[in-house]
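Chemist: Could you have a look at this structure, given as C-alpha cells, before my questions?
Coordinate-derived values only; no laboratory data. Here the structure is a predicted model, which is why all the values come from computation and not from measurement. Cβ placement follows ideal geometry from the backbone for every residue including glycine, while neighbour counts extend to all protein chains displayed.
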Amino acid sequence: MALALPSADYLFEQLVIGISTGAIYAIVAIGYNLVFGVMNVLNLAHGAIMMVGSFGVLLLFYFGIENFWLGAAAGILLALAAGMVVERVAVRPLHGNWWNTKVATLGCAMFLENLVTRLTDGRPQPFPRPFRTVYYDVVGTLQISNVQIFLVIASLALTLVMVWFLRRTGPGKAIRVVAQNPEIAGCVGINVAGVMTLGFAISAVLGGIGGVLNAVTFGSTYPFVGQYLGLKGLVILIVAGIGNVRGCVAVALVIGVLESFAVVAGGSELRDFIAYAGMVLILLIRPRGLFGEEGRAAVEI
C-alpha cells in the first residue's frame, strides 16, 4: 500500500513552525556569541537565565497581575538581574580563566534550576498567551494563527535589531572592537570592563526574551527547559562558528526548519538527531564551523 504524502498545506505549516523555532534558537545563539566574543567566556548558565525569564512572567500572574506584556517585561528584567548576578559572582572574579569560569557558570545554572524546581515542585507550568488565538485562512485549508505570526515577526525582528545594533551604534561597535582585541580597545580609550558588562547584560536580556517566546510557542515552561535550549544554542554556535552573528541566524533558521520537517518524516525522535548529527558532520569537515575563522572569536555581522 502506498504511503500517504503530507499535503502542501501541512508542509507549509511545518515551514512556518520551523522558522519560528529557528528564530528562537538564533536568539539563544546570539546571546552565547556576545558573551563568548566579548569576554572569551562560555556562559553555561545562559539556558537557565532563559528559564528564569519565562518564570518571571508567571511570577507576576501569581501576584494577580494578569497582564502578559507587564509579565514579559518583569520576566526580562528578572533574567537581566539573574545574568548580572552570574557575571558578578561566577565570571568577573575568575578573570577569564577558561575552565574555572565554565564550571562556575554551570554551578549557577544548577542552582537556578534547583531553586525554581523547589518553588514550583518541578512540574511544567501553563504559560499565558499574549492575546486570544485566532486562525486565519491562507490558501485552501491552510490556516496560520496570530500567535504563530507574532512569534515569527518578534523573533526575526529581534535578530535584525541585534545585527543593526552591533553594526550601526556606538556601543555595538565598541563591543565588536573589544571582541576583536581588548588590548587595542583599551589603548584607543574604550572602557573594556564596561563593554564586557554591557555584553553580558544584553546577552541576559536576549535570554529573557528567548525564554518568554519559547514558552509562548509551547504554551508551558518548566525548570529544566534551559538545558534543552542551551544545548541547541551551543550546537548552532559550534556549527556556525564562534563569533559570527549572521552565521548563527542562518544556521538557526535552517536547523529549525529541518527539525520541523524531520518530525513530519519520522516523528519527534528525529528532531534532535538532525541538530546533533549535523554538528558532528560539520566538525569533521570544518572544525572551526561554517563561518568561523581561526584565532580569537570576534563578533562578525
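Chemist: Name the residue that is farthest from Thr197 (Cα to Cα), counting only residues in region 6-65 that are part of a helix (DSSP H, G or I) and of a type in the set (S, T, N, Q). Even if it seems obvious, please write down each step before you answer.
Modeler: Start the filter on region 6-65 by keeping residues that are part of a helix (DSSP H, G or I), which leaves 8-39, 46-62.
Those still in the list that are of a type in the set (S, T, N, Q) too: 14, 20-21, 33, 54.
Details: Gln14: 39, Ser20: 29, Thr21: 29, Asn33: 14, Ser54: 23 Å.
Among those that are part of a helix (DSSP H, G or I) and of a type in the set (S, T, N, Q), it is Gln14.
Chemist: With the structure loaded, tell me whether Val254 is in contact (Cβ under 8 Å) with a residue 12 or more places away in the chain, part of a helix (DSSP H, G or I), over 12 Å from the mean Cα position of the chain (by Cα) and closer than 14 Å to Ala23 by Cβ or whether it fails that test.
Modeler: Values: in contact (Cβ under 8 Å) with a residue 12 or more places away in the chain: yes; part of a helix (DSSP H, G or I): yes; over 12 Å from the mean Cα position of the chain (by Cα): yes; closer than 14 Å to Ala23 by Cβ: yes.
Against the criterion (in contact (Cβ under 8 Å) with a residue 12 or more places away in the chain, part of a helix (DSSP H, G or I), over 12 Å from the mean Cα position of the chain (by Cα) and closer than 14 Å to Ala23 by Cβ), Val254 qualifies.
Chemist: Just a yes or no: is a residue in region 213-221 touching a Gly at 6+ places or on another chain (Cβ under 7 Å) and surrounded by 24 or more Cβ atoms within 10 Å (Cβ to Cβ)?
Modeler: Within region 213-221 (the criterion being touching a Gly at 6+ places or on another chain (Cβ under 7 Å) and surrounded by 24 or more Cβ atoms within 10 Å (Cβ to Cβ)), the answer is no, since none of the residues qualifies.
Chemist: Only one of (1) among the small types (Gly, Ala, Ser); (2) more than 26 Å from Asn181 (Cα to Cα); (3) crowded, with 20+ Cβ neighbours inside 10 Å fails for Gly64. Which number is that?
Modeler: (3)
Chemist: When you scan region 112-208 for helices (runs of 4 or more DSSP H) that lie fully inside it, which ones turn up with 2 or more residues that are of a type in the set (Lys, Arg) and farther than 18 Å from Met39 by Cα?
Modeler: On the way: elements: 146-168, 170-180, 182-187.
Answer list for region 112-208: 146-168.
Chemist: Follow-up. What's the total number of residues in region 222-241 that are crowded, with 24+ Cβ neighbours inside 10 Å and either more than 13 Å from Ala26 (Cβ to Cβ) or touching a Ser or Thr at 6+ places or on another chain (Cβ under 7 Å) (or both)?
Modeler: Selection size over region 222-241: 3.
Chemist: Tell me whether region 160-169 contains one or more residues that are surrounded by 12 or more Cβ atoms within 10 Å (Cβ to Cβ) and within 23 Å of Ser54 (Cβ to Cβ).
Modeler: Yes: region 160-169 contains one or more residues that are surrounded by 12 or more Cβ atoms within 10 Å (Cβ to Cβ) and within 23 Å of Ser54 (Cβ to Cβ).
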